[in-house]
Amino acid sequence: MEALRQLTRNALMHRSYEATNAPVRVYWFDDRIEIHNPGGPFGGVTPENFGQPGVTDYRNPNLAEALHALGYVQRFGAGIAIARKALGGRLCFEVQAGSVVAVVKGADA
């Protein structure tokens, strides 16, 4: 599923590699999928404006450029929009200062 690829790659690209050694984690439940990113909002992105169109910032510009050059990401700020278009209201985020959890609810939820 393209939405899960976008969300997982986004989590890897935007996690905090300086503040923690915690990995990005993907949990698959019967009624939802959760992607836990140990990297909270960065730069101009805050818990209040997270995921809004046009609100973006690079935490790891070298990693982002490498992922783009290898064809894993399309363009700056596109991942969440692509996932939202595919999932509609089934996608939500739990955003805190030090972490972001993307929750994809099942079709029945």
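Bear in mind that the values in this text are calculations on the coordinates, not laboratory data. Everything numeric here is computed off the predicted structure, so don't read it as measured data. Positions of Cβ are generated from backbone atoms using ideal geometry, with glycine treated the same way; all protein chains shown enter the neighbour counts.
Key figures for this structure:
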| quantity | calculated |
| --- | --- |
| Electrostatic dipole magnitude of the chain [Cβ: Lys, Arg +1; Asp, Glu -1; Cα centre; debye, to 20] | 220 |
| Approximate spin-label separation residue 75-residue 34, in nm, with each point projected 7 Å along Cα-to-Cβ | 3.4 |
| Positive-end residue, region 1-84 charge dipole about Cα centroid, Cβ charges, pick of 51, 67, 38 | 67 |
| Matching label, percent of Cα pairs over 21 Å apart computed from the structure shown, candidates [x] 30; [y] 42; [z] 37 | [x] |
| Residues in region 80-102 that a label on residue 25 would reach, taking backbone N under 19 Å of a point 7 Å out along Cα→Cβ | 92-102 |
| Cα centroid separation - region 1-65 against region 82-109, whole Å | 11 |
